[in-house]
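Novice: Sharing a structure below in structure tokens format, with a few things to ask.
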Amino acid sequence: MFLDSDLLMSALRALTPILLAALGGALCERAGVFNIGLEGMMLMGCFTSVATSWFTGSPWLGVLAAALAAAAYSLVLAVGAVTLRGDAVVLGIAMNLLAVGLTSFLLRTVFGVQGTFDDPSLAGLPLIGGFTPLAYLSWAAVAVAALLLSRHVWGLRLRGVGEAPDAAATLGVSPAKYQYGAILLSGVLCGLAGAQLALGNVTLFTENMTAGRGWIAVVAVMLGRAAPLGVLLAALLFGLAEAAGFRLQGLGLPQQATDAAPYVVTLGALFLTTARRRRRPRTTGAVQ
């Protein structure tokens, strides 16, 4: 049977890194910063978690180091887009490209290997009920983010900064302060996503191992309209697509075709969403 509990478990495991990164992107979007640097931050988290876990023997120190490293890397976007008023899209693309080159260079420098670092002594994250603790954390983060954005003063001010920064400034709220906070939080979440990918889903580091998951997280933010529950549903869709790809590969389909499954779903979802948004104003005008 194609649709079974094993497929759902695989989808939930694939969901975790995408969900964590997408929640970070959603916070940035609510603050008025379009963050497409999620891929690069995740990749930095992947390498840092593996390097720290290997040197210290503790996967939890690897998770902590990944969160800190990705948060530090996110400062490139914060300083460039918020302080220097640069283009966030250009900065995000540059961060993604830099992360690929930098982690490849560090792989050769630190471990003396090319392509993939895989060592039996590398400690991965423990499993609880078939999932790592970061998976449960990602699900809890959805509820926390939803309450934060709808009930807490910080979340309400963050939304105000994103929707009307000038009006927020006249009320004594610093847009730069909240945008910095959102970007740094996105860095932490992307670092956790990278740690989950490198120490949870697998236990190794390979060059460009995020393989577009950061870009999928950006699409999840767009499909979910930067709402935590919407982001969760969008990320779950992509997790199911990735799990279905692995299942189809086991049934004999070529790897190239099954690897493309999440990206085909991404393109299809973007097409449907864009078509729906373009049709909506026309319908409104016809009614009037």
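Novice: Restrict the check to region 184-192 and report whether at least one residue is polar (S, T, N, Q) and touching a residue at least 12 places away in the same chain (Cβ under 8 Å). Working first, answer last.
Specialist: The first filter runs over region 184-192 and keeps only residues polar (S, T, N, Q), leaving 186.
From what is left, the residues that are touching a residue at least 12 places away in the same chain (Cβ under 8 Å) are 186.
Checking region 184-192: at least one residue is polar (S, T, N, Q) and touching a residue at least 12 places away in the same chain (Cβ under 8 Å).
Novice: Within region 98-134, which residues are open to solvent by 30 Å² or more (accessible area, probe 1.4 Å), in a helix (DSSP H, G or I) and closer than 20 Å to ILE18 by Cα?
Specialist: Those that are open to solvent by 30 Å² or more (accessible area, probe 1.4 Å), in a helix (DSSP H, G or I) and closer than 20 Å to ILE18 by Cα: VAL100, PRO133.
Novice: Further question on the same structure: Taking region 9-55 as the search range and keeping residues that are more than 21 Å from SER186 (Cβ to Cβ) and of a type in the set (S, T, N, Q), which one is surrounded by the most Cβ atoms within 10 Å (Cβ to Cβ)?
Specialist: Of everything passing the filter in region 9-55, SER53 is surrounded by the most Cβ atoms within 10 Å (Cβ to Cβ).
Novice: Something else about it: Taking ASP4 as meeting all but one of (1) surrounded by fewer than 24 Cβ atoms within 10 Å (Cβ to Cβ); (2) modelled with pLDDT of 95 or more, write down the number of the exception.
Specialist: (2)
Novice: While we're looking at this one, here's another question. Looking only at region 140-176, how many residues end up being open to solvent by 80 Å² or more (accessible area, probe 1.4 Å) and either aromatic (Phe, Trp, Tyr) or within 22 Å of the chain's Cα centre (by Cα) (or both)?
Specialist: Of the residues in region 140-176, 2 are open to solvent by 80 Å² or more (accessible area, probe 1.4 Å) and either aromatic (Phe, Trp, Tyr) or within 22 Å of the chain's Cα centre (by Cα) (or both).
Novice: Free of Cβ contacts under 8 Å to residues at least 24 places away in the same chain and part of a helix (DSSP H, G or I): does that describe GLY24? Lay out the reasoning, then the answer.
Specialist: Working: free of Cβ contacts under 8 Å to residues at least 24 places away in the same chain: no; part of a helix (DSSP H, G or I): yes.
Spelling it out, it is not the case that GLY24 is free of Cβ contacts under 8 Å to residues at least 24 places away in the same chain and part of a helix (DSSP H, G or I).
Novice: On to the next question. For region 133-151, which residues satisfy the criterion of being at pLDDT below 95 and over 18 Å from VAL221 (Cα atoms)?
Specialist: The one that is at pLDDT below 95 and over 18 Å from VAL221 (Cα atoms): ARG151.
Novice: Then there's this: When PRO165 is evaluated against the numbered criteria (1) at pLDDT 95 or above; (2) touching a Gly at 6+ places or on another chain (Cβ under 8 Å), which criterion, by number, is the only one it fails?
Specialist: Status for PRO165: all satisfied but (1).
Novice: Exactly one of (1) within 13 Å of the chain's Cα centre (by Cα); (2) open to solvent by 10 Å² or more (accessible area, probe 1.4 Å) is unmet by SER58. Its number?
Specialist: (1)
Novice: Now for a separate question. For region 187-229, give me the residue count where each residue is assigned to a helix (DSSP H, G or I), hydrophobic (A, V, I, L, M, F, W, C) and either buried (at least 19 other Cβ atoms within 10 Å of the Cβ) or under 13 Å from the mean Cα position of the chain (by Cα) (or both). Explain how you work it out, then say what you get.
Specialist: Going residue by residue through region 187-229, those that are assigned to a helix (DSSP H, G or I) are 187-201, 213-223, 228-229.
Next cut, hydrophobic (A, V, I, L, M, F, W, C) only: 188-190, 192-193, 195, 197-199, 215-223, 229.
Next, from what is left, pick out any that are either buried (at least 19 other Cβ atoms within 10 Å of the Cβ) or under 13 Å from the mean Cα position of the chain (by Cα) (or both): 188-190, 192-193, 195, 197-199, 215-223.
Of the residues in region 187-229, 18 are assigned to a helix (DSSP H, G or I), hydrophobic (A, V, I, L, M, F, W, C) and either buried (at least 19 other Cβ atoms within 10 Å of the Cβ) or under 13 Å from the mean Cα position of the chain (by Cα) (or both).
Novice: Among the residues of region 65-90, how many are open to solvent by less than 40 Å² (accessible area, probe 1.4 Å) and farther than 16 Å from ALA182 by Cβ? Give the steps one after another, and end with the answer.
Specialist: Here is the first cut: in region 65-90, the residues open to solvent by less than 40 Å² (accessible area, probe 1.4 Å) are 65-67, 69-71, 73-74, 77-78, 80-82, 86, 88.
This time we only want the ones that are farther than 16 Å from ALA182 by Cβ, so: 65-66, 69, 86.
Number satisfying all stated conditions: 4.
The values are calculated or read from the model by the stated rules, or taken from the named source; none is laboratory data. Just so you know, these numbers come straight off a predicted model, no measurement behind them. Note that we place each Cβ from the backbone using ideal geometry, even for glycine, and neighbour counts take in every protein chain shown. Just the protein is used for accessible areas: all its heavy atoms, side chains included, with ligands, DNA and RNA removed. Shrake-Rupley method; radii C 1.70, N 1.55, O 1.52, S 1.80 Å.
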